[in-house]
Each structure stands twice: as C-alpha cells, then as structure tokens.
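The structure under discussion appears below in the form of structure tokens.
The values are calculated or read from the model by the stated rules, or taken from the named source; none is laboratory data. Everything quoted here is computed from the prediction, not taken from an experiment. Note: ideal-geometry Cβ built from the backbone for every residue, glycine included; neighbour counts use all protein chains shown. These accessible areas exclude ligands, DNA and RNA; they are computed on the full protein's heavy atoms, side chains included. Shrake-Rupley method; radii C 1.70, N 1.55, O 1.52, S 1.80 Å.
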Amino acid sequence: MSVLSQPRIGETATSTAAVSSTATRLEVPIDPHRGRKRMMWISAAVIIVVLHLLAFAGTDFDPALLVEGWQGMAAFMADAFPPNLDWETVIKPGLEATLVTLWIGLLGTTLSIPSALLLAVFASRTTTPHPLAYQASRAILSFFRAVPDIVFALIFVTAVGLGPFAGVLALICHNTGVMGKLWAESLEETDQGPQEALATAGASRLQQIAHGSLPLVIPQFVGLLLYRFDVNVRSSLVLGLVGAGGIGLLINQAIKSFQFDTMLTLIIIVLLLIILVDQASGFIRRKLAV
C-alpha cells in the first residue's frame with residue numbers, strides 16, 4: 001500500500017508544471033486609482049515645470065551672460081593670484097580674526113541652548129503643559145527663524161556698536177528659533193511609553209519630561225547642536241560683513257579696497273577653519289554613535 005500511495009515521478013513533474021503554468025497566468029490586480037494617481041503625477045510635474053519657468057524669468061536666469069562675462073572673472077582671478085602671504089599684515093590678523101569668528105559661532109550656539117530647550121519643551125505636543133503655551137512657543141520660534149541672522153546683527157550693531165558681541169547676540173536669537181524647532185520635532189517623535197509610565201506612577205509633569213522624554217532624545221539633541229555649531233561658524237563669516245567682527249569684516253575691507261590677493265588669503269584661512277570644524281564635529285558624532 002505504501003508503494004501504491006507514492007506518486008510517480010512523471011505525475012509529480014506534471015503537477016509541478018501545471019502549478020507553475022497556473023502561477024504564471026496570475027495577473028496583477030489593477031489598481032482602481034491608477035488613473036487618478038497618474039493624473040496627479042502629471043499635474044505635479046506640470047506645476048513644477050511652470051514654477052521653474054517663472055523662476056527663470058523672475059531671476060533673469062541667463063547662462064549666456066555668464067559665458068560672455070568670462071573676461072571679467074578672469075581679470076578678477078588674475079588680480080587675486082598669487083595670494084598675499086605676508087605674515088604681519090595679512091596672515092596674522094587673519095588668524096586672529098578667524099579665532100574671533102570661531103568664538104562667535106561657539107557662543108552663539110551654546111548660549112542659545114537654555115532658551116531653545118525651554119521653547120522646544122513648550123512647542124512639542126507631547127511635553128507642552130497647555131495648548132496656549134504650544135501656540136505661543138511655536139509663534140516665537142517661527143519669528144526667530146523668519147528673521148535672518150544678518151538682520152538681527154544689524155539691529156544689535158545699532159544697540160551695542162560694531163564688534164563681535166553683536167554677532168553673538170544675533171546668532172543666539174536666530175539659533176534659538178532653528179534649534180528649538182528641531183528639538184521640538186525630536187521630542188514629538190519619541191516613544192511616549194516611559195512618560196506615560198511615569199504619569200501612571202504619579203510623577204509630576206516636570207519629572208515626566210526630565211526622566212521620560214529628554215533621556216531618549218539626548219543623542220539627537222547633541223547631533224543637532226553640533227550641526228548648528230557648524231552652520232553658525234559659517235554664518236558668523238557673513239555677519240562680519242555688516243560689522244559684527246571676525247574674519248568676515250577683514251574680507252569685506254579687502255574687497256572694498258580692491259586688495260583681491262589679500263581677500264584670497266583670507267578665504268583660504270576660512271576654508272581651513274571650515275574643514276577643521278567639520279572634522280571635529282564629525283569626530284564627536286562618531287564617538288556619540290559608538
């Protein structure tokens with residue numbers, strides 16, 4: 001009986017082929033919304049193309065003008081090369097100003113941590129104590145983000161005068177808005193289990209935030225902080241153009257006095273600073289990820 005119950009080799013191959021042929025004849029079900037999705041993609045593509053055409057027209061975008069102006073760029077580069085490598089008049093003041101630029105970016109980042117953290121807690125739906133506090137914090141963060149740091153620098157220059165202090169104050173305000181928004185979004189994306197468990201155990205709202213939410217987002221907070229420090233060092237260069245000190249001020253003076261070789265030397269120093277800051281930030285991020 002056991003021999004008769006076993007299928008023959010030929011029958012097995014035939015049944016396998018039949019199943020395979022049946023499987024190959026299965027059709028993919030038609031998406032009932034396929035036509036609608038296709039029209040949405042086509043409409044989105046048309047809108048993007050139209051917006052770009054309007055942007056090209058609104059900005060007078062014409063690559064031909066860039067090609068025709070190559071002689072002006074060549075003359076500019078010829079005046080900039082070779083860079084002025086005089087130690088006393090260019091490199092030494094440039095390094096000192098670069099250090100000031102680094103301090104501006106550092107203080108603009110670290111001194112904005114308390115205000116950014118406070119506003120982030122109030123601007124997160126998972127940690128805010130009241131809807132009104134949520135809306136008010138969001139509005140404050142939006143204001144600080146909407147006003148460019150260079151505008152803040154101009155305002156503070158009129159208040160405290162020319163110098164790096166105005167740049168530090170400008171970065172504190174703008175960085176509070178940007179970093180507070182990023183931190184608030186990180187808080188909203190965290191797991192609410194620990195916070196709910198603490199609430200069930202009778203913990204206060206502050207204890208829930210301090211022991212349930214913040215420990216989960218510390219790595220993200222530090223990573224975003226390092227990113228903002230990198231950005232703020234670059235921003236402090238631009239702030240120097242409006243009198244906020246640092247090497248940006250020296251670059252602006254070199255351009256206005258047509259000392260393009262000095263300008264090139266200062267730009268090289270800035271490039272080295274940016275590389276150094278980027279490498280240091282990357283090293284710290286890698287250590288935190290371990």
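For the reader, a short list of remarks on this structure follows.
Condition check ((1) buried (at least 20 other Cβ atoms within 10 Å of the Cβ); (2) at pLDDT below 80; (3) closer than 20 Å to Arg234 by Cα) across all residues:
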| site | (1), (2), (3) |
| --- | --- |
| Ile251 | yes, no, yes |
| Ile255 | no, no, yes |
| Phe258 | no, no, no |
| Leu271 | no, no, yes |
| Leu276 | no, no, yes |
| Gly282 | no, yes, yes |
| Arg285 | no, yes, yes |
| Val290 | no, yes, no |
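- The range 37-81, subset part of a helix (DSSP H, G or I), β-branched (Val, Ile, Thr) and under 31 Å from the mean Cα position of the chain (by Cα), residue farthest from Asp261 (Cα to Cα): Ile42
- Condition met for Val100 (within 28 Å of the chain's Cα centre (by Cα) and either more than 26 Å from Thr262 (Cβ to Cβ) or hydrophobic (A, V, I, L, M, F, W, C) (or both)): yes
- Filter result for Val100 (modelled with pLDDT under 85, surrounded by 13 or more Cβ atoms within 10 Å (Cβ to Cβ) and either assigned to a helix (DSSP H, G or I) or touching a His at 6+ places or on another chain (Cβ under 8 Å) (or both)): no
- Filtering the range 103-127 to residues that are within 19 Å of His174 (Cα to Cα), open to solvent by 60 Å² or more (accessible area, probe 1.4 Å) and in a loop (DSSP other than H, G, I, E, B) leaves only Leu111.
- Which listed residue, of Ala133, Ala123, Ala146, is closer than 22 Å to Tyr227 by Cα, of a type outside the set (Lys, Arg) and without any contact (Cβ under 8 Å) to a residue 60 or more places away in the chain: Ala146
- With respect to being touching a residue at least 12 places away in the same chain (Cβ under 8 Å) and in contact with a Gly (Cβ under 9 Å, 6 or more places away or on another chain), Ile104 fits the description.
- Within the range 128-202, helices (runs of 4 or more DSSP H) holding 1 or more residues that are modelled with pLDDT of 85 or more: 131-146, 149-160, 164-188
- Matching residues, the range 83-97, being part of a loop (DSSP other than H, G, I, E, B) and open to solvent by 100 Å² or more (accessible area, probe 1.4 Å): Leu85
- Test result for Gly212, in a helix (DSSP H, G or I), of a type outside the set (Phe, Trp, Tyr), modelled with pLDDT of 80 or more and buried (at least 18 other Cβ atoms within 10 Å of the Cβ): no
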